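The values are calculated or read from the model by the stated rules, or taken from the named source; none is laboratory data. Small disclaimer: the values here were computed from a predicted structure and weren't measured. With ideal geometry, Cβ positions are generated from the backbone for all residues, glycine too; neighbour counts draw on all protein chains shown. Surface areas here come from the heavy atoms of the whole protein model, side chains and all, with no ligands, DNA or RNA. Shrake-Rupley method; radii C 1.70, N 1.55, O 1.52, S 1.80 Å.
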Amino acid sequence: MTAMTYDPRQVADDNIRIMPTSDDLKKPHSDQEFIEKALAEERSNHKNLIASSREELPSVYVNGVMIDKQAIAQELQYHPAPTKEDALFLATQALVVRELLKDAVLNDEALGQEAWDSNEEQAISDLIDKNVNAATPENEVCERYYEQNKSDYKTAPIMSVRHILLASLPEDGEERLARKKQAYELIEQIKNSNNPSAEFIEFARQYSACPSKEQGGELGVLSQGQTVPQFESVVFTMDEGLAPSPVETRYGFHIVDVMDKQPGVQLEYLQAKPAIANKLAQQAFHHGLCDYLYVLAEQADIDGIQMELSQENVYRG
């Protein structure tokens, strides 16, 4: 189904599966204001820039080479974090790690400047392949991991759901309050009806801004990952039946009726084994990569940042 820009003033040719609109994509990145401020700070020629500063770009050196501050500002967009200070640290550390890897490539007799000039990413990949070895996990290790984490290896639950979308723009506070009040009123009317199912279908056809209104609000069989996160995070926790409260998303308020819910089925060990083996192999690789980067960092002269290498934040290119 083709995603379209949602306009609550008319019936959109879409349903709850809509993706971000073209207007959403035009909005500035959440860190854009910070990036611009940081660049302005850099242009103002501060003398005391440090990696932990919330307002300034750090002056960081690796073996005497300064990490480009504009590169740090641009790198920020790839490191979402709870705070801008954390994002700044992660962005700076990522560039330090890349500089360490570059130096290692240049100092490798089989790679060297020629490999770097030819293809930087391939050169780094070849370097890591040579220096990071992750053993394939044994069957016993995989089986023990399965027994300790069985609940993680189930098929996704599926649900048959119908909804009524009372649409409103996210920035229209008064209209959203009105739609929320209307949603509760309709829920009460459906609950108290002599024929709740028929009442739901009628209200869907009368009030819903989703094309599913033509099917009485039915969205069909859903599995996780098919709907917008705000909707999915609530709906997949529901039991069968009419939800007592509406579900709020950026599109408005949804009156939801779970018609059927089939829980996920536990996978047997042999079914889960490939995924487990891959996960443990990836963990082993990341541990090995962290160890290798730690050695490179210990051998280098790094000034301006205290490195914190872990599998959550190291370079993974």
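Against the condition open to solvent by 60 Å² or more (accessible area, probe 1.4 Å), over 20 Å from L289 (Cα atoms) and part of a helix (DSSP H, G or I), how does D129 come out, does it pass?
Criteria not met by D129.
Can you go through E120, E114, E109 and tell me which one is in contact with a Lys or Arg (Cβ under 8 Å, 6 or more places away or on another chain), surrounded by fewer than 19 Cβ atoms within 10 Å (Cβ to Cβ) and at pLDDT 90 or above? Spell out how you get there, then give the answer.
Values: E114 fails: in contact with a Lys or Arg (Cβ under 8 Å, 6 or more places away or on another chain); E109 fails: in contact with a Lys or Arg (Cβ under 8 Å, 6 or more places away or on another chain).
E120 is the lone residue from the list that is in contact with a Lys or Arg (Cβ under 8 Å, 6 or more places away or on another chain), surrounded by fewer than 19 Cβ atoms within 10 Å (Cβ to Cβ) and at pLDDT 90 or above.
Closer than 17 Å to T249 by Cα and either open to solvent by less than 40 Å² (accessible area, probe 1.4 Å) or not in a helix (DSSP H, G or I) (or both): is that true of G220 in this structure? It would help to see each step written out before you state the result.
Details: closer than 17 Å to T249 by Cα: no; either open to solvent by less than 40 Å² (accessible area, probe 1.4 Å) or not in a helix (DSSP H, G or I) (or both): yes.
So G220 fails the test.
Assess whether K279 counts as being among the charged types (D, E, K, R), assigned to a helix (DSSP H, G or I) and under 30 Å from M159 (Cβ atoms).
Against the criterion (among the charged types (D, E, K, R), assigned to a helix (DSSP H, G or I) and under 30 Å from M159 (Cβ atoms)), K279 qualifies.
So the check is Cβ under 8 Å with 6+ separation or different chains; which pairs have a first residue in the range 176-192 that's in contact (Cβ under 8 Å) with a residue 40 or more places away in the chain and part of a helix (DSSP H, G or I) and a second one that's open to solvent by less than 80 Å² (accessible area, probe 1.4 Å) and among the hydroxyl-bearing types (S, T, Y)?
Matching pairs, first to second residue: R176/S168; R179/S168; Y184/S245; I187/S245.
Restricting attention to the range 75-98, report how many residues are surrounded by fewer than 21 Cβ atoms within 10 Å (Cβ to Cβ), within 16 Å of I302 (Cβ to Cβ) and either in contact with a Gly (Cβ under 9 Å, 6 or more places away or on another chain) or aromatic (F, W, Y) (or both).
Residues flagged as surrounded by fewer than 21 Cβ atoms within 10 Å (Cβ to Cβ), within 16 Å of I302 (Cβ to Cβ) and either in contact with a Gly (Cβ under 9 Å, 6 or more places away or on another chain) or aromatic (F, W, Y) (or both) within the range 75-98 amount to 1.
Six or more apart or on different chains, Cβ under 8 Å: which pairs go from a residue in the range 286-300 that's touching a residue at least 12 places away in the same chain (Cβ under 8 Å) and of a type in the set (G, A, S) to one that's open to solvent by 20 Å² or more (accessible area, probe 1.4 Å) and not in a helix (DSSP H, G or I)? Could you list them?
So the pair list comes out as G288/N133; G288/A134; A297/M307; A297/L309; A300/N63.
Can you tell me which condition P80 does not meet? The list is (1) out of contact with any strand residue (DSSP E or B) (no Cβ under 9 Å at 6 or more places or on another chain); (2) without any contact (Cβ under 8 Å) to a residue 60 or more places away in the chain; (3) of a type outside the set (G, A, S); (4) part of a helix (DSSP H, G or I), and all the others hold.
That leaves (4) as the condition not met.
Here's the yes/no breakdown for (1) acidic (D, E); (2) assigned by the TED database to the domain that holds K181; (3) open to solvent by less than 40 Å² (accessible area, probe 1.4 Å):
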position	(1), (2), (3)
Q215	no, yes, no
T227	no, yes, yes
V234	no, yes, no
T237	no, yes, no
G241	no, yes, yes
T249	no, yes, yes
F285	no, no, no
L293	no, no, yes
L309	no, no, no
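Do you know which residues across the range 142-173 are touching a strand residue (DSSP E or B) at 6+ places or on another chain (Cβ under 9 Å), charged (D, E, K, R) and surrounded by fewer than 17 Cβ atoms within 10 Å (Cβ to Cβ)?
Step one: filter the range 142-173 for residues touching a strand residue (DSSP E or B) at 6+ places or on another chain (Cβ under 9 Å), giving 150-151, 153-170.
Going one step further and asking which of them are charged (D, E, K, R), we end up with 150, 154, 162.
The answer is K150, K154.
Give the number of residues within the range 58-74 that are open to solvent by 60 Å² or more (accessible area, probe 1.4 Å) and without any contact (Cβ under 8 Å) to a residue 40 or more places away in the chain.
Result for the range 58-74: 5.
With the condition kept exactly as written, say whether any residue in the range 191-199 is open to solvent by 30 Å² or more (accessible area, probe 1.4 Å) and either within 31 Å of the chain's Cα centre (by Cα) or under 30 Å from V295 (Cβ atoms) (or both).
Among the residues of the range 191-199, not one is open to solvent by 30 Å² or more (accessible area, probe 1.4 Å) and either within 31 Å of the chain's Cα centre (by Cα) or under 30 Å from V295 (Cβ atoms) (or both), which makes the answer no.
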